[in-house]
1. To the nearest 0.05, what FRET efficiency results for residue A:149 and residue B:155 with a Förster distance of 56 Å applied to their C-beta separation?
2. Which log10 I(q)/I(0) values, to two decimals, does segment B:84-185 give at q = 0.19 Å⁻¹ under the Debye formula with one point per Cα?
3. How high is the FRET efficiency from residue B:62 to residue A:34, r the C-beta distance, R0 41 Å, rounded to 0.05?
4. Please compute the alpha carbon radius of gyration of segment A:1-139, then divide it by the globular-protein estimate 2.2 N^0.38 Å. Two decimals is fine.
5. Could you work out, residue by residue across A:49-58, how many beta carbons of other chains sit within 10 Å of that residue's beta carbon, and then give the average as an integer?
6. Take the Cα atoms of segment B:51-142, build their convex hull, and give its volume per residue in Å³.
7. With 10 angstrom as the radius, rank B:117, B:162, A:35 by how many other C-beta atoms surround their C-beta, starting from the fewest.
8. Compute the length gained on full extension between residue A:116 and residue A:136: take 0.36 nm times their separation in residues and subtract their Cα-Cα distance, giving the result in nm to one decimal.
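Where a number appears in this text, it was derived from the coordinates with a stated rule and is not lab data. Note that this is a predicted model, so its numbers are computed, not measured. Neighbour counts are summed over all protein chains in view; Cβ atoms, including those assigned to glycine, are modelled from backbone coordinates with ideal geometry.
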Amino acid sequence: MNPFAINFRQTLLQVLNVLLIVSSALMIWKGLSVWTNTESPIVVVLTESMEPAFGRGDLLFLGKPASPLEVGDIVVYKLEGKDIPIVHRILNVHTPTDQDDDAEPQYLLTKGDNNASNDRAIYGDQQPGKLWITPREVLGKVYGYAPYVGYVTIVMNDYPQLKAVLLGALALFAL
Amino acid sequence: MHNLWSRVNIRLRFCDLLTPTHVPVVGPAGTKDPYGNLLAPLALSLNVSSATLVRRSRAAQYKYQSYFHAPAVFAALQFDATADLRSLFQWNTKQVYAMVTVAYQAPGFPTNKITVWDTIITNIDDARLMVANAENKYAITDVQYRDAARFNGLAVTARLEWCVHTYVGATRCAAMPDELAAKFTLPANVGERVSYRGDRGGVGANKV
């Protein structure tokens, strides 16, 4: 019998194994999202605006805290009309009294440590006149971080051919 | 189950690897952080020597980086601050972010807190913070910025706070204890300057 013949059952098993790995990864990711109460529990820093605390390629662990955000917290927020979230530190917090369901619970002002001025230029980019962000736009608060681990993501974004090469290599291992 | 690695592996599975911690206030003796070290900055003092309510002007807007709106009044503070933050520099400390914040209550807004000055300290040699006659770097203006009388006679509390950022792991923040915070009242009218330098030097002076 030809020792290199791959029969149908083995192929099916391989396919199922790959699907199992992919779905486990997805389950872990979504489970982490539920546990941290935020839609992106792990993000990679893309700019140097928070140096020296966070540099390009650092991995940040986010969570959505039950208690209100405070001055000094580092948060990741995403503005309407901008697809890239921003990680900066909260400078100012103002809490209004009107607490009906639609009202914003807090008004926040942020600034990157390495930036000269606050983020109002970014807020006003798509929404002119916007002076504050609110907890609604905040994806999560940074609880901890791991240096350089996320650099792979940045490299893969800058060189999309690398993604194809890596996937090809993975497929080769799965055979 | 017969070699060291599988035993270690099983132990590690029960450890909680991600522990978010936030320490809001540090007492005079410091506080134990999870690594077992005491975070106890010494020689903490914050001493506000004067406060001025500055009327709106182009110059004030540019000085305090209010490029997108024109607040009717800015508060300008002068203060001295000291803190010996050397004890925060442990093996895992990447930087310490120290800031002076001003907190107040105003009609319609029960809590307001503004960062007025900050600095980043990256190594232990620069960790003895001593600033004299510093001005606030950032604008002290309210959410309701069109109201020129908003700050008249307002009671505010200025505090020195700090956050420790690590090479890997959680970020922890703390603040000076309440008895060392500088509590004072802003001038009664826009355009006035109040000096708190009595013979004791200012609000919060000589408290150690």
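1. Details: r = 47 Å, r/R0 = 0.83.
The formula returns an efficiency of 0.75 here.
2. Once normalised to I(0) and log-transformed, intensities are -0.98.
3. Values: r = 47 Å, r/R0 = 1.14.
Efficiency, rounded to the nearest 0.05: 0.30.
4. Working: Rg = 21.7 Å, N = 139, 2.2 N^0.38 = 14.3 Å.
Rg over 2.2 N^0.38 Å, computed on Cα atoms: 1.51.
5. 2
6. Values: hull volume 12.1 nm³, N = 92.
Per residue, the Cα convex hull of segment B:51-142 comes to 132 Å³.
7. Details: B:117 20, B:162 25, A:35 11.
The order, fewest Cβ neighbours first, is A:35, B:117, B:162.
8. 4.6 nm
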